[in-house]
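These notes concern the structure reproduced below.
The values are calculated or read from the model by the stated rules, or taken from the named source; none is laboratory data. Predicted, not measured: the structure shown is a model, and the values here were computed from it. Don't worry about glycine lacking a Cβ; one is built from the backbone with ideal geometry, like all the others, and counts go over all protein chains shown.
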Amino acid sequence: MNMRGKEPADPLVSLFLDLARIASPSGHEREIMDHLTARLRGVGLEVEESEPIEEHPAAAGNLYCRLAANAAGKAVMFAAHVDTVASAEDALPSPVLENGIISSGSRAVLGADDKAAVAAMVLTLEQVIKEQLSHAGIELLLTVGEESGLRGAKSAPPTQLTASCGFCMDSTGPVGRIVASSPSQKTIRATFIGKPAHAGVAPEQGRSAIVAAAKAVAEMKLGRINADTTANIGIIRGGEAVNVVPGRCHIAGEARSHVDEKLERQVTSMLEAVSYAAAAGGVDVEVAVVDEFQGFNIGPGHLAYDLALQAFADIDIRPEPVSTGGGSDVNVFNLKGVPSVNLSAGMEQVHTPDEYISVESLHQCHQLLLAIIRKAVRG
Ligand SMILES: [Zn+2]
């Protein structure tokens, strides 16, 4: 059943479907942010939007609002990203609800990653205001550009990161999962600069940048390096025409590890492969290494982790600490001094057209947020 024209009475499902219908690939969050701003202003919240992270009319900045405490305890930040990965052929989601499961109904990604969390957080905030629930301060930070390198979270000013602890719901699997460890990641880019020449007339005068780049990749150990470490070359680009010895070739990849020394070792070995291949091919090479995000290992004693466990107990959901190979805005918040955890929102098959979420998971997210608010007051 397509939901257009026949909205469910459930306000959380209805809000989620509204958000899912608005396409918001990274860098194109204007429409969804305008929708959310209007909605939050509708319950009297003062909403701030930061500078857009890209310079075009479809771009937006992070949305931020704060609810002043009416009880003692720990102020909490709820954070979720509104952007999604781009859909194949720019397809639009046309969400379908069947047997308690919401899927995209098209070739588009549904975007429950992370609109399930956005919907649950907005609805929770509205409920806190309407029902005048006790709370120790709540901040809502809806970020842009998460899928394009945590760019929104990285751009958040310190004045918006003042809560005692933070909660994202940007992980997959059943609600109850709590990400206890996440790797650090570095990106590696190398541009090989050889010498172009006519491939048929004077190949001996050329030095192929593609041959050098290929040799570098072949020399690298990639994939799963050990239990803590992974590496990948994801981009290779070069050449102009079949009859020209290529003068330029660019490669880019990444390494991740839960252990910083192992990450350093892997990055060093990838850079050594680049230097070796450039020297062997007689070409120059320009290299850049960027720290994308810092990993974390958290457990009991971490304020957000402890509050999450208390909240799970409160609503009878069994917590399941997991380790992930992915990064999220949580990596940035922990680094910027707001002890934060990433919880599962219950979405599955994210970043694919088969993505789905159950109505039950949406409700569990909502209940979990309310429980965190209660526990923060008592704590
Ligand atoms: Zn996500």
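Among the residues of segment 246-282, write down those that are of a type in the set (A, V, I, L, M, F, W, C), surrounded by 22 or more Cβ atoms within 10 Å (Cβ to Cβ) and under 23 Å from P196 (Cα atoms).
In the first step, residues of segment 246-282 are kept if they are of a type in the set (A, V, I, L, M, F, W, C); the result is 249, 251-252, 255, 259, 263, 267, 270-271, 273-274, 277-280.
Checking the rest, the ones that are also surrounded by 22 or more Cβ atoms within 10 Å (Cβ to Cβ) come to 249, 251, 255, 263, 270, 274, 277-278.
The answer is C249, I251, V274, A277, A278.
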TODO: Within segment 335-365, track down each residue that is away from the ligand (no atom under 16 Å from the Cβ), part of a helix (DSSP H, G or I) and crowded, with 20+ Cβ neighbours inside 10 Å.
DONE: Q364
Task: Selected residue [without any contact (Cβ under 8 Å) to a residue 40 or more places away in the chain and touching a Lys or Arg at 6+ places or on another chain (Cβ under 9 Å)] from A38, A20, A58, A75 - done: A58
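Which of the residues belonging to segment 300-333 are part of a helix (DSSP H, G or I) and more than 16 Å from the ligand (Cβ to nearest atom)?
To start, the set of residues in segment 300-333 that are part of a helix (DSSP H, G or I) comprises 303-314, 329-333.
Correct list: L303, A304, Y305, D306, L307, A308, L309, Q310, A311, F312, A313, D314.
Which residues, counting only those in segment 110-139, are within 24 Å of S358 (Cβ to Cβ), away from the ligand (no atom under 11 Å from the Cβ) and not small (G, A, S)? Outline the logic, then answer.
Our first condition is that a residue be within 24 Å of S358 (Cβ to Cβ); within segment 110-139, this holds for 110-127.
Retained after the next criterion (residues that are away from the ligand (no atom under 11 Å from the Cβ)): 110, 119-127.
Across segment 110-139, the qualifying residues are L110, M121, V122, L123, T124, L125, E126, Q127.
Results for (1) basic (K, R); (2) in a helix (DSSP H, G or I); (3) closer than 19 Å to E139 by Cα, shown as yes or no for each residue.
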| position | (1), (2), (3) |
| --- | --- |
| H28 | no, no, no |
| E31 | no, yes, no |
| H35 | no, yes, yes |
| G44 | no, no, yes |
| E51 | no, no, yes |
Task: Only listed residue being on the phi > 0 side of the Ramachandran plot and over 12 Å from the mean Cα position of the chain (by Cα), chosen from G149, G137, G166, G145 - done: G137
Open item on the list: One residue is enough: does segment 200-222 have a residue meeting the conditions in a strand (DSSP E or B) and surrounded by fewer than 19 Cβ atoms within 10 Å (Cβ to Cβ)?
Closed with: no
Task: Of all residues making up segment 70-87, the number that are farther than 14 Å from S26 by Cα and either out of contact with any strand residue (DSSP E or B) (no Cβ under 8 Å at 6 or more places or on another chain) or within 16 Å of the ligand (Cβ to nearest atom) (or both) - done: 6
Open item on the list: Among the residues that make up segment 190-199, is at least one of them part of a strand (DSSP E or B) and either within 22 Å of V330 (Cα to Cα) or at pLDDT below 95 (or both)?
Closed with: no
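Among the residues of segment 227-252, what is the count of those that are in contact with a helix residue (DSSP H, G or I) (Cβ under 7 Å, 6 or more places away or on another chain) and of a type outside the set (D, E, K, R)?
Selection size over segment 227-252: 11.
Hey, among S104, S171, which residue is assigned by TED's automatic domain parsing to the domain that holds V341, within 16 Å of the ligand (Cβ to nearest atom), hydroxyl-bearing (S, T, Y) and out of contact with any Pro (no Cβ under 8 Å at 6 or more places or on another chain)? Lay out the reasoning, then the answer.
Values: S104 fails: out of contact with any Pro (no Cβ under 8 Å at 6 or more places or on another chain).
From the options S104, S171, the qualifying one is S171.
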Open item on the list: Suppose the filter is more than 19 Å from the chain's Cα centre (by Cα) and either at negative phi or within 16 Å of the ligand (Cβ to nearest atom) (or both); does E98 pass it?
Closed with: yes
- [ ] Report the residue count in segment 140-159 for those that are away from the ligand (no atom under 16 Å from the Cβ) and surrounded by fewer than 21 Cβ atoms within 10 Å (Cβ to Cβ).
- [x] 4
